[in-house]
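Only one structure is covered here, and it is reproduced in the block below.
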Amino acid sequence: MRLWALSIKELLLLSRDWHALGALFIMPGLFLVIMAFAMSAINQDELPAVNLSVDIPNPSPASAFFLAALEKQLPQSQVQADTSTNQITLSPTFAEQLHDNPHQGPKLSFPANSDTLSRQRIRSAVTIALAQTRLWDFLIDSELISDSAPLAEQLQQVQLQTQSELEEYQILSSGAVGNRANASQMSVPAWLIFGMFFIVLPMSNSLQLEFQSGVLVRLRALPLAQSTLLLSKLIPYSLINMLQFVLLFSLGFFALPLLGLPALSIHGNELAYFVLAICITSACCCFGLLIAAVARNTEQALLLSAGSNLILAAIGGIMVPKNMMPISMQHIAELSPMSWALDAFLTLLVGQGELKDIALWCYYLLAFALCTGAAGVILLHRRVQNTLWTTQN
Amino acid sequence: MLELSHLHYRYPDAEQDALVDINFKIQQGQCIGLLGANGAGKTTLLSLIAQLITPSAGQLRWQQQPSLGLVPQTLAFYAKLSSQENLHLFADLYLLKGQQRQQQLSLAIEAAQLESLLHKKAGQLSGGQQRRLNFALGILAPAQLFLFDEVTVGVDSISRQHLLNAIKQLKQSGKSIIYTSHYLPEIEQITERVILLNAGKVQLDIALAEQPSAHNLVIEWTSGIPNELVRLCQQQQLDFQQQHNSLIIHALTQPQWTTLLTHISHTTPAPTRMNYSKPSLEQLYLQVSGGQL
């Protein structure tokens with residue numbers, strides 16, 4: 001009855017604490033959306049359109065075929081007559097030179113703001129389109145293709161000659177997969193973990209308020225077992241952590257596509273996600289106990305909670321993806337529990353792994369929970385034992 | 001109901017005991033006033049009785065299972081919960097059920113006059129109202145011994161009298177009470193026994209009914225205290241003080257008073273004012289504690 005009453009009280013207090021609710025739900029939710037937008041150009045499932053202009057000084061059937069083949073290679077690309085964009089210039093003797101060996105291809109011009117990926121895509125597309133045009137020319141000469149057939153049909157016949165079926169296999173959940181994660185796969189788990197660790201803030205604050213007021217004296221004189229007191233914090237805050245997990249995952253799943261971002265595709269079995277959520281929750285709540293035990297007042301609790309969370313997030317690949325860090329920083333990142341949680345999430349989301357694939361990170365998180373929880377319980381026990389009748393005399 | 005026997009307490013790393021050889025009993029239905037200057041050991045003694053700490057030596061012997069109701073000086077409730085939510089939470093924590101729960105809640109709400117404040121957040125109450133809620137949460141406990149620490153600080157005079165009456169009712173219903181306050185007339189009003197702590201020791205443990213029968217005498221003259229009267233006080237080895245044109249004589253017995261009165265009637269100039277009265281608790285406290293408050 002006491003545990004139930006104290007747990008309900010904790011949830012009631014939290015529901016009236018707008019700052020804590022903001023830190024637990026609104027802040028990570030906003031970060032999730034903003035960072036998903038900010039990272040939306042990275043690892044997209046569909047590559048963005050490339051703007052380019054094609055200069056054809058001497059139009060011919062060969063140049064028309066080349067243009068059709070090029071557009072096939074760069075779907076949704078916008079061919080413009082704008083010289084400030086990526087430019088392909090065919091020579092006036094483009095059709096006559098197709099048989100030359102070595103062959104001189106078109107001239108490529110890139111403006112300074114053209115990114116590396118776009119340049120590479122244009123180079124590859126021009127190379128393939130040019131090879132197909134040269135093959136087309138050979139097939140026309142050999143009368144294997146009729147030049148009176150529609151251009152689309154001619155292109156299709158050439159593609160049949162040049163296309164091969166490739167067998168492609170994914171070796172799932174092997175190694176670091178962060179560099180393959182798209183914006184949603186990176187942002188949703190990263191800011192979910194960040195938000196879950198912020199449970200430390202209201203949890204430590206709640207205990208500090210009880211220490212600072214006379215409530216703890218009243219509770220101790222009931223007498224209330226310390227295990228009941230600790231469980232009355234751990235149970236409600238664990239539930240809040242699980243609620244965060246569900247809500248922020250739902251945000252990634254349902255809301256991001258509405259904003260034009262890729263939806264979070266959830267792979268793997270549900271059990272693995274549930275176990276991972278339990279492990280992260282354990283790590284967060286036990287860390288909260290430690291912070292509550294170390295802080296001496298609400299101001300210190302705020303500083304320690306927010307400070308430690310920001311540091312763990314900064315080194316743990318939450319703010320900057322680990323694959324963008326130098327090797328030395330990547331090694332340091334391995335020390336952060338947020339990094340373990342994120343790696344486990346990416347293994348499930350990107351590597352399509354299963355429970356056994358994330359077991360190591362789950363063990364790490366549970367070990368972290370055990371160490372911080374044990375230290376927190378010992379230090380809190382001492383503090384509670386040293387709580388005296390408080391007077392202002 | 002509770003006996004403290006040769007009780008000592010020393011804080012970790014302290015060089016001397018905070019409490020030294022404390023011995024007293026609290027009977028059922030007894031109300032004890034606990035007095036002492038800052039640092040005298042009141043907090044330590046209350047912490048020991050509330051079982052927040054364990055004694056370094058000696059014993060606290062309870063006749064029955066200890067059951068305590070506390071009203072600490074610091075506000076011991078949740079500011080973001082309403083008065084009613086706080087009361088129901090602590091009723092749950094005191095494991096109150098059924099009719100007893102209703103009775104205790106009604107008693108506490110009535111005693112602290114909280115009827116119109118039940119739905120207000122505790123943190124939004126005025127200072128005095130918060131003290132009343134703090135009081136209500138303490139007397140809500142189905143306890144045998146209640147510890148009250150400066151419960152009337154910041155409470156208006158009408159509410160204060162209401163709280164004191166509630167404490168008297170608790171006493172009448174057989175509950176034991178330890179009451180600390182720096183406002184000594186309150187202690188005189190509700191307690192029948194006073195324990196004065198000084199430097200961790202019980203300096204005075206007295207039933208107010210047994211307060212010494214000796215009286216204090218204050219005599220005033222318009223111009224100077226007659227020398228022969230000062231000499232008489234010295235000869236009689238009386239406890240006296242001279243203040244400007246006033247002579248204050250403490251702990252005067254009936255025979256001493258008679259002798260002194262005879263001399264005063266033959267002394268010139270005659271005094272302008274004389275006050276012969278039993279000392280108040282405050283005067284007694286100042287006398288015993290050497291003027292330390």
Worksheet item: What residue, of A:Thr387, A:Thr372, is hydroxyl-bearing (Ser, Thr, Tyr) and either away from chain B (no Cβ under 14 Å) or in a helix (DSSP H, G or I) (or both)?
Response: A:Thr372
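Just one of A:Phe194, A:Phe249 is surrounded by fewer than 20 Cβ atoms within 10 Å (Cβ to Cβ), under 21 Å from the mean Cα position of the chain (by Cα) and not hydroxyl-bearing (Ser, Thr, Tyr); which is it? Give the steps one after another, and end with the answer.
On the way: A:Phe194 fails: surrounded by fewer than 20 Cβ atoms within 10 Å (Cβ to Cβ).
So the residue among A:Phe194, A:Phe249 that is surrounded by fewer than 20 Cβ atoms within 10 Å (Cβ to Cβ), under 21 Å from the mean Cα position of the chain (by Cα) and not hydroxyl-bearing (Ser, Thr, Tyr) is A:Phe249.
Can you give me the ranges of the strands (runs of 3 or more DSSP E) entirely in the stretch B:227-293 with at least 2 residues that are modelled with pLDDT under 80?
On the way: elements: B:239-243, B:246-252, B:273-277.
In the stretch B:227-293, the matching strands (runs of 3 or more DSSP E) lie at B:246-252, B:273-277.
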Response to the item:
Expected output for the stretch B:115-136 (first residue at pLDDT below 90, partner among the aliphatic types (A, V, I, L, M), Cβ below 6 Å, 6+ apart or cross-chain) is B:Gly128/B:Val155
Response to the item:
Checked against (1) within 19 Å of A:Phe245 (Cα to Cα); (2) touching a helix residue (DSSP H, G or I) at 6+ places or on another chain (Cβ under 8 Å); (3) not charged (D, E, K, R), A:Gly373 satisfies every condition except (1)
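Just checking: which of the strands (runs of 3 or more DSSP E) contained wholly in the stretch A:1-110 hold 1 or more residues that are closer than 23 Å to A:Arg121 by Cβ, away from every other protein chain (no Cβ under 14 Å) and at pLDDT 90 or above?
Numbers: elements: A:51-55, A:86-89, A:107-109.
Those strands (runs of 3 or more DSSP E) span A:86-89, A:107-109.
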Item to complete: Determine whether B:Lys201 is more than 20 Å from B:Gly41 (Cβ to Cβ) and of a type in the set (Lys, Arg).
Response: no
Worksheet item: Quick check: anything in the stretch A:361-380 more than 17 Å from A:Phe287 (Cβ to Cβ) and out of contact with any strand residue (DSSP E or B) (no Cβ under 8 Å at 6 or more places or on another chain)?
Response: no
Worksheet item: Out of curiosity, is A:Ser187 buried (at least 24 other Cβ atoms within 10 Å of the Cβ), under 22 Å from A:Leu248 (Cβ atoms), more than 14 Å from chain B (Cβ to nearest Cβ) and modelled with pLDDT under 90?
Response: yes
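With the condition kept exactly as written, say whether any residue in the stretch B:130-144 is more than 14 Å from chain A (Cβ to nearest Cβ) and outside any helix (DSSP H, G or I).
To start, the set of residues in the stretch B:130-144 that are more than 14 Å from chain A (Cβ to nearest Cβ) comprises B:132.
Adding the requirement that they be outside any helix (DSSP H, G or I) leaves none.
No; the residues of the stretch B:130-144 include none that is more than 14 Å from chain A (Cβ to nearest Cβ) and outside any helix (DSSP H, G or I).
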Response to the item:
Reported set for the stretch B:72-85 where residues are more than 9 Å from chain A (Cβ to nearest Cβ) and either of a type in the set (Lys, Arg) or in contact (Cβ under 8 Å) with a residue 40 or more places away in the chain (or both) is B:Ser82, B:Ser83
Worksheet entry | Selection from the stretch B:167-185 of residues that are in a helix (DSSP H, G or I) and either modelled with pLDDT of 85 or more or not assigned by TED's automatic domain parsing to the domain that holds B:Gln51 (or both) | B:Ile167, B:Lys168, B:Gln169, B:Leu170, B:Lys171, B:Gln172
Worksheet item: Given the conditions (1) in contact (Cβ under 8 Å) with a residue 40 or more places away in the chain; (2) outside any loop (DSSP other than H, G, I, E, B), which single one is not true for B:Leu164?
Response: (1)
Worksheet item: In the stretch B:86-109, which residue that is more than 15 Å from A:Leu6 (Cα to Cα) and among the small types (Gly, Ala, Ser) is farthest from the other protein chains (Cβ to nearest Cβ)?
Response: B:Ser106
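Using the structure shown, decide if B:Gln172 is within 14 Å of chain A (Cβ to nearest Cβ) and out of contact with any helix residue (DSSP H, G or I) (no Cβ under 9 Å at 6 or more places or on another chain).
Working: within 14 Å of chain A (Cβ to nearest Cβ): no; out of contact with any helix residue (DSSP H, G or I) (no Cβ under 9 Å at 6 or more places or on another chain): yes.
Taking the combined requirement at face value, the residue does not satisfy it.
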Discussion item. Which condition from (1) facing chain A (nearest Cβ under 9 Å); (2) within 14 Å of B:Lys201 (Cβ to Cβ); (3) surrounded by fewer than 21 Cβ atoms within 10 Å (Cβ to Cβ) is the one that B:His6 breaks?
Written reply: (1)
Item to complete: Would you mention how many residues in the stretch A:197-235 are more than 12 Å from chain B (Cβ to nearest Cβ) and touching a strand residue (DSSP E or B) at 6+ places or on another chain (Cβ under 9 Å)?
Response: 0
Discussion item. Looking at B:Pro12 and the list (1) more than 9 Å from chain A (Cβ to nearest Cβ); (2) assigned to a loop (DSSP other than H, G, I, E, B); (3) out of contact with any Phe, Trp or Tyr (no Cβ under 6 Å at 6 or more places or on another chain), which single condition is not satisfied?
Written reply: (1)
Worksheet item: Within the stretch B:88-115, restricting attention to residues that are farther than 21 Å from B:Gly154 by Cα and aliphatic (A, V, I, L, M), which residue is surrounded by the fewest Cβ atoms within 10 Å (Cβ to Cβ)?
Response: B:Leu95
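Scan the stretch B:116-125 and tell me whether some residue there is surrounded by fewer than 20 Cβ atoms within 10 Å (Cβ to Cβ) and under 20 Å from the mean Cα position of the chain (by Cα).
First, pick out the residues of the stretch B:116-125 that are surrounded by fewer than 20 Cβ atoms within 10 Å (Cβ to Cβ): B:116, B:118-121, B:123-124.
Okay, now just the ones that are also under 20 Å from the mean Cα position of the chain (by Cα), so none.
No, because not a single residue in the stretch B:116-125 is surrounded by fewer than 20 Cβ atoms within 10 Å (Cβ to Cβ) and under 20 Å from the mean Cα position of the chain (by Cα).
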Item to complete: State whether the residues of the stretch B:47-60 include one that is more than 9 Å from chain A (Cβ to nearest Cβ), surrounded by fewer than 18 Cβ atoms within 10 Å (Cβ to Cβ) and part of a helix (DSSP H, G or I).
Response: no
Worksheet item: Residue check, A:Gln330 against (1) free of Cβ contacts under 8 Å to residues at least 24 places away in the same chain; (2) out of contact with any helix residue (DSSP H, G or I) (no Cβ under 9 Å at 6 or more places or on another chain); (3) not hydrophobic (A, V, I, L, M, F, W, C), all met but one. Which one?
Response: (2)
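Please verify whether B:Leu197 is at pLDDT below 85, crowded, with 17+ Cβ neighbours inside 10 Å and either of a type in the set (Val, Ile, Thr) or within 30 Å of B:His8 (Cα to Cα) (or both), treating the condition exactly as stated.
Details: at pLDDT below 85: no; crowded, with 17+ Cβ neighbours inside 10 Å: yes; either of a type in the set (Val, Ile, Thr) or within 30 Å of B:His8 (Cα to Cα) (or both): yes.
When the stated conditions are applied, B:Leu197 does not pass them.
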Practice prompt. Would you please name the residue that is farthest from the other protein chains (Cβ to nearest Cβ), looking only at residues in the stretch B:32-41 that are crowded, with 23+ Cβ neighbours inside 10 Å and either without any contact (Cβ under 8 Å) to a residue 12 or more places away in the chain or under 12 Å from the mean Cα position of the chain (by Cα) (or both)?
Written response: B:Gly33
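The values are calculated or read from the model by the stated rules, or taken from the named source; none is laboratory data. No experiment lies behind these values; they were computed from the predicted model shown. Using ideal geometry, Cβ is built from the backbone for each residue, glycine included, and neighbour counts are taken over all protein chains shown.
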